[in-house]
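The values are calculated or read from the model by the stated rules, or taken from the named source; none is laboratory data. Values in this document were obtained by computation on a predicted structure and should not be read as measured data. Methodologically, a virtual Cβ is constructed for each residue, glycine included, from the backbone with ideal geometry; neighbour enumeration extends over all protein chains shown. SASA here: full protein model, heavy atoms, side chains in, ligands and nucleic acids out. Shrake-Rupley method; radii C 1.70, N 1.55, O 1.52, S 1.80 Å.
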Amino acid sequence: MTMQANEIAEVLNRPTSQDLLARDVTRVAYVAKDGTPRNVPIAFVWNGSEIVMCTTKNAPKLTALRTNPMVALTIDTEVHPPKILLIRGRAELDYTDGIPAEYLEANTTYEMTAEQRVEWEAEVRSLYVDGMVRIVVTPTWAKLIDFETTLPTPVEELVKRRQERQSA
């Protein structure tokens, strides 16, 4: 299903979507090098138009994403009813020499004292001395499921059929 940019923006600009886009972790699904599916949690930042995730230059997912850059992302809550934001897009890989600002930003919500933060950043800089890779995804499709105003598509279809039966 293809979505127009304005339709994607409408979904992503909803208050619930904005809350989800401010969370710490998404799950990114992709097809691994051996052809099997993978779904891994990863910290991310939403910059208003793209999801940016950062990883090591030797991460196995990079080989897979160079071969097949199509990804699906899930950002959700752990409470009932769940809030779920589903996003699809194409991953672009941006190799950097240093630590991307998005990596540091994506990890700012973890509770650390100022001293712990300084120590953590020093450790990050010493560990990723060869740089990192920014995985940048521009959404090409989006769906918000909040179980109050929106439902999974198959459930929406069942509700519609039930309403049609009741009005017949």
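The set of residues in the stretch 94-124 that are among the charged types (D, E, K, R), open to solvent by 70 Å² or more (accessible area, probe 1.4 Å), within 24 Å of the chain's Cα centre (by Cα) and within 20 Å of M53 (Cβ to Cβ) comprises D97, E105.
Going residue by residue through the stretch 23-39, is there one that turns out to be open to solvent by 60 Å² or more (accessible area, probe 1.4 Å), closer than 18 Å to P139 by Cα and modelled with pLDDT under 95? Yes - at least one qualifying residue is present in the stretch 23-39. Scanning the stretch 125-168 for residues that are within 25 Å of K83 (Cβ to Cβ), open to solvent by 100 Å² or more (accessible area, probe 1.4 Å) and among the acidic types (D, E) yields a total of 1.
Has the stretch 51-63 got at least one residue that is over 23 Å from N6 (Cα atoms), touching a helix residue (DSSP H, G or I) at 6+ places or on another chain (Cβ under 8 Å) and not hydroxyl-bearing (S, T, Y)?
Looking only at the stretch 51-63, we keep the residues that are over 23 Å from N6 (Cα atoms), and these are 53-63.
Going one step further and asking which of them are touching a helix residue (DSSP H, G or I) at 6+ places or on another chain (Cβ under 8 Å), we end up with 53-55.
Within this subset, residues satisfying the condition of being not hydroxyl-bearing (S, T, Y) are 53-54.
Yes, the conditions are met somewhere in the stretch 51-63.
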